[in-house]
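Scroll down for the structure; my scribbles are underneath it.
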Amino acid sequence: MIPLQHFLAVASILFVLGLYCVLTRRNAVTILMGIELILNSANLNFVAFTRYCATNIQGHVYAIFVIVMAAAEAAIALAIVLNLYKRVHSIDVDEADVMRG
């Protein structure tokens with residue numbers, strides 16, 4: 001049986017990679033991928049704690065809720081990215097200030 005610490009280590013690595021991707025990239029699609037990594041690290045923690053804790057925590061339900069929220073977030077964000085590309089002809093988030101006013 002894999003110990004809980006291994007799941008937490010993998011989730012931490014996923015979270016750090018996602019955070020690095022969000023903070024350093026300027027491409028909107030890459031930023032969305034970073035957000036997905038962060039949400040998947042949270043899901044991994046939910047499921048791991050459900051497996052290893054004796055309490056009545058329903059981590060699977062939370063994980064499914066996060067997956068549904070991530071799908072909705074991705075759909076809305078992709079619509080925003082398409083609108084940005086339509087106006088600016090680029091998906092660089094630094095050029096997103098053109099949409100103001």
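The values are calculated or read from the model by the stated rules, or taken from the named source; none is laboratory data. Only a predicted model underlies this, so the values are computations on that prediction, with no experimental measurement involved. Every residue, glycine as well, gets a Cβ built from its backbone with ideal geometry; the counts of neighbours run over all protein chains shown.
Give the number of residues within the stretch 62-95 that are within 14 Å of Arg26 (Cα to Cα) and touching a residue at least 40 places away in the same chain (Cβ under 8 Å).
Looking only at that region, the number is 6.
Among the numbered criteria (1) within 12 Å of the chain's Cα centre (by Cα); (2) loosely packed, with under 15 Cβ neighbours inside 10 Å, which single criterion is violated by Asn83?
With (1) within 12 Å of the chain's Cα centre (by Cα); (2) loosely packed, with under 15 Cβ neighbours inside 10 Å applied to Asn83, the lone miss is (1).
Suppose we filter Thr50, Thr30 for residues that are within 14 Å of Phe7 (Cβ to Cβ) and at pLDDT below 95; which single one remains?
Details: Thr30 fails: within 14 Å of Phe7 (Cβ to Cβ).
Exactly one of Thr50, Thr30 is within 14 Å of Phe7 (Cβ to Cβ) and at pLDDT below 95, namely Thr50.
Quick check on the stretch 38-80: of everything there that is small (Gly, Ala, Ser), in a helix (DSSP H, G or I) and over 16 Å from the mean Cα position of the chain (by Cα), which residue is surrounded by the fewest Cβ atoms within 10 Å (Cβ to Cβ)?
Going residue by residue through the stretch 38-80, those that are small (Gly, Ala, Ser) are 41-42, 48, 54, 59, 63, 70-72, 74-75, 77, 79.
Now restrict to residues that are in a helix (DSSP H, G or I): 41-42, 48, 59, 63, 70-72, 74-75, 77, 79.
Next, from what is left, pick out any that are over 16 Å from the mean Cα position of the chain (by Cα): 48, 59, 79.
Details: Ala48: 20, Gly59: 18, Ala79: 10.
Checking each candidate, the answer is Ala79.
Does Phe15 meet the test of being in contact (Cβ under 8 Å) with a residue 24 or more places away in the chain, in a helix (DSSP H, G or I) and surrounded by 15 or more Cβ atoms within 10 Å (Cβ to Cβ)? Steps first, please.
Working: in contact (Cβ under 8 Å) with a residue 24 or more places away in the chain: yes; in a helix (DSSP H, G or I): yes; surrounded by 15 or more Cβ atoms within 10 Å (Cβ to Cβ): yes.
Taking the combined requirement at face value, the residue satisfies it.
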